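Notes for the one structure printed next.
The values are calculated or read from the model by the stated rules, or taken from the named source; none is laboratory data. These numbers were taken from a predicted model, which means no experiment stands behind them. Neighbour counts run over all protein chains shown; Cβ positions are idealised from the backbone, glycine included.
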Amino acid sequence: MTQRDEGHNYRDSKNKAQAYERKQKIEDIIEDIRELRDADFHVCKHSEWQAKGEPETDEDITCTCGEFDSVIDKLEELKV
Ligand SMILES: [Zn+2]
């Protein structure tokens, strides 16, 4: 193997390591968002309504979990 090849391989594995690290960081953020979604302060009106046995209501029972999930989706795209 020539010196040039070694240099190339070194850069290649360094790039792979950086890509892996970046992927891990994105994975961490996704996990953080999931925790926020499931945290007590986020009261999803739809889940509450379901928990009450899905009664007839005029109240807004829009599921707000999707707001969190759409951010997760954007991050998933960055992982590739
Ligand atoms: Zn929800």
Would you mention how many residues in the range 23-80 are among the β-branched types (Val, Ile, Thr) and either at positive phi or within 18 Å of the chain's Cα centre (by Cα) (or both)? 8
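Could you check how many residues of the range 41-80 are of a type outside the set (S, T, N, Q) and within 13 Å of the ligand (Cβ to nearest atom)? Reasoning before the result, please.
Residues of the range 41-80 that are of a type outside the set (S, T, N, Q), as a first pass: 41-46, 48-49, 51-56, 58-61, 63, 65-69, 71-80.
If we keep only those that are within 13 Å of the ligand (Cβ to nearest atom) as well, we get 42-46, 48-49, 51, 60-61, 63, 65-69.
Residues meeting the conditions: 16.
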Could you tell me whether the range 59-73 includes any residue that is exposed (fewer than 13 other Cβ atoms within 10 Å of the Cβ) and among the aliphatic types (A, V, I, L, M)? no
Among helices (runs of 4 or more DSSP H) entirely inside the chain, those with 2 or more residues being in contact (Cβ under 8 Å) with a residue 40 or more places away in the chain are 3-38, 65-79
So which residues in the range 3-40 are basic (Lys, Arg) and within 13 Å of the ligand (Cβ to nearest atom)? ARG34, ARG37
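Any idea which residue in the range 1-56 is surrounded by the fewest Cβ atoms within 10 Å (Cβ to Cβ), counting only those that are among the polar types (S, T, N, Q) and either under 24 Å from ASP69 (Cα atoms) or at pLDDT 95 or above (or both)?
Applying the first criterion (among the polar types (S, T, N, Q)) to the range 1-56 yields 2-3, 9, 13, 15, 18, 24, 47, 50.
Those still in the list that are either under 24 Å from ASP69 (Cα atoms) or at pLDDT 95 or above (or both) too: 24, 47, 50.
On the way: GLN24: 10, SER47: 14, GLN50: 12.
Of everything passing the filter in the range 1-56, GLN24 is surrounded by the fewest Cβ atoms within 10 Å (Cβ to Cβ).
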